[in-house]
1. Mind checking whether some residue in the stretch 9-20 is small (Gly, Ala, Ser) and surrounded by 13 or more Cβ atoms within 10 Å (Cβ to Cβ)?
2. Name the residues in the stretch 8-32 that are closer than 24 Å to LEU68 by Cα and outside any strand (DSSP E or B), would you?
3. Any idea which of ALA3, ALA23 is of a type in the set (Gly, Ala, Ser), within 10 Å of the chain's Cα centre (by Cα) and buried (at least 16 other Cβ atoms within 10 Å of the Cβ)?
4. Filter the stretch 41-52 down to residues that are surrounded by fewer than 17 Cβ atoms within 10 Å (Cβ to Cβ) and not basic (Lys, Arg) and give me whichever is nearest to the ligand (Cβ to nearest atom).
5. For residues that are touching a strand residue (DSSP E or B) at 6+ places or on another chain (Cβ under 8 Å) and small (Gly, Ala, Ser), scanning just the stretch 53-80, find the one that is nearest to the ligand (Cβ to nearest atom).
6. Step by step: first the residues of the stretch 6-20, then only those that are over 10 Å from the mean Cα position of the chain (by Cα) and more than 14 Å from the ligand (Cβ to nearest atom), then the one that is modelled with the lowest pLDDT. Which residue is that?
7. Here is a list: GLY50, GLY43, GLY78. Which entry is in contact with a Cys (Cβ under 9 Å, 6 or more places away or on another chain) and within 19 Å of PRO1 (Cβ to Cβ)?
8. When you look at CYS18, is it touching a strand residue (DSSP E or B) at 6+ places or on another chain (Cβ under 9 Å) and in contact (Cβ under 8 Å) with a residue 24 or more places away in the chain, yes or no?
Amino acid sequence: PLAAWRVGDAVFVTDDTCTHGQASLTEGGVLDGFQIECGLHLGAFDIRNGKVTSAPCTQPLRVYPVRLEADQVFADLGDD
Ligand code: FES
């Protein structure tokens, strides 16, 4: 599952599943600026680059390149 986040005019697409466990970041997570805090154990990531910003998370969140065209968001999911 993927998550799409909008901060101002910017859109970011990341994996929706927290790398610490199997929690959905969109269901129970809290977005504060560019930081998404997981609702299960309160670990956090920067949605711009996937870097961990708070323990207990240690593995980064996957972030996908995004292109905006008109009102549509396209995410490059790569080959894998
Ligand atoms: Fe997200 Fe533990 S499952 S911080």
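1. Checking the stretch 9-20: not a single residue is small (Gly, Ala, Ser) and surrounded by 13 or more Cβ atoms within 10 Å (Cβ to Cβ).
2. Once the filter is applied, which keeps residues that are closer than 24 Å to LEU68 by Cα and outside any strand (DSSP E or B), the stretch 8-32 yields GLY8, ASP9, ASP16, LEU25, THR26.
3. The match here is ALA3.
4. Only one residue tops the list, namely HIS41.
5. Checked the stretch 53-80; the qualifying residue nearest to the ligand (Cβ to nearest atom) is SER54.
6. The selected residue is ASP9.
7. Only one candidate passes the filter, namely GLY43.
8. Yes; evaluated as a whole, the condition is true for this residue.
The values are calculated or read from the model by the stated rules, or taken from the named source; none is laboratory data. Nothing here was measured: the structure is a model prediction, and the numbers come from that model. Heads up, the Cβs are rebuilt from the backbone with ideal geometry, glycines too, and the neighbour counts pull from every protein chain shown.
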